[in-house]
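Report on one structure; see the data block that follows.
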Amino acid sequence: MPSSTVENYLKAIWNLQGQGKKGELVAIGRVAEKLSVTPGTATTMMNQLLKKGLVEYTPRRGVVLNDDGRKAAMRVLRRHRLVETFLVEIMKLDWAEVHEDAEVLEHVISDRLLERMDEMLNHPTHDPHGAPIPGEDGQLAPDGTAVLADCPLGSYILKRVREDQPSFLQWLAGLDLVPGTKLILAERNLEADTLTLNLPNQETSVQISLPAAKSLLVVDS
Ligand SMILES: [Zn+2]
């Protein structure tokens, strides 16, 4: 079994656990769905992860990462986010188009290369999408953000975009909705399921759908 497969399972379980909050058991069906494999395939994998000492797994109830599993997941996440940062900052690729490459490279670059990338980038704390980069010790700093879709009307700073779809990211960039942007949540239209955002720096306003606003993480301004 290639290590990239193990790493993808660990990432998937970590994501389904609520990104590192105190882990509840995740149903195997959800893991299978996330990775587009059959429940049978996912179940076989659970037994392998159990043998490797990376999960707690109870047949028919679900799976949760143990400490070693969480550390391993954080190592992959650190690689992914550092690679994305490198591709944007050093190689000047578009932020909308680096996720797929990072999905591949996260499994294959050596620790030596990763360290060099980290140095060249001057030890970044966040990736181009505003997601925190786990430290070498596997710690992930809490980012204190809220989901824009759930926020009351008010002034905010966009901190993070939690979505990998290139077309969505390109659309946001076209609106100048990128991490660091100041915005005012001016109106919530319940009939149309949209939010109106004023962008004071651009002196414009835009309407975005509620589902889109679920991918935008903000802090109070
Ligand atoms: Zn990514």
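Here are a few things to note about the model shown:
- Members of segment 196-221 that are assigned to a strand (DSSP E or B) and touching an Asp or Glu at 6+ places or on another chain (Cβ under 7 Å): Thr196, Leu199, Ser209
- Single condition His129 does not satisfy, out of (1) within 30 Å of Ile28 (Cα to Cα); (2) outside the structural domain of Val26 (by TED's automatic domain parsing); (3) away from the ligand (no atom under 16 Å from the Cβ): (3)
- Only listed residue being touching a residue at least 60 places away in the same chain (Cβ under 8 Å), within 15 Å of the ligand (Cβ to nearest atom) and in the same structural domain as Asn189 (by TED's automatic domain parsing), chosen from Pro166, Pro134: Pro166
- Residue match in segment 66-78 (condition: closer than 24 Å to Leu172 by Cβ, charged (D, E, K, R) and open to solvent by less than 30 Å² (accessible area, probe 1.4 Å)): no
- When residues in segment 193-209 are screened for being open to solvent by 40 Å² or more (accessible area, probe 1.4 Å) and either free of Cβ contacts under 8 Å to residues at least 12 places away in the same chain or closer than 16 Å to Ser155 by Cα (or both), 8 of them pass.
- Meets criteria (under 26 Å from Gly18 (Cα atoms), open to solvent by less than 70 Å² (accessible area, probe 1.4 Å) and in contact with a strand residue (DSSP E or B) (Cβ under 6 Å, 6 or more places away or on another chain)) for Ala186: no
- Cβ separations smaller than 7 Å between residues 6+ apart or across chains give the following pairs from segment 103-131 residues that are in contact (Cβ under 8 Å) with a residue 60 or more places away in the chain and open to solvent by less than 30 Å² (accessible area, probe 1.4 Å) to residues that are part of a loop (DSSP other than H, G, I, E, B) and more than 11 Å from the ligand (Cβ to nearest atom): Gly130/Pro179.
The values are calculated or read from the model by the stated rules, or taken from the named source; none is laboratory data. Only a predicted model underlies this, so the values are computations on that prediction, with no experimental measurement involved. We place every Cβ from the backbone using ideal geometry, glycine too, and count neighbours over all the protein chains shown. The protein model used for the area step is the full one, side chains on, heavy atoms only, and it has no ligands, DNA or RNA in it. Shrake-Rupley method; radii C 1.70, N 1.55, O 1.52, S 1.80 Å.
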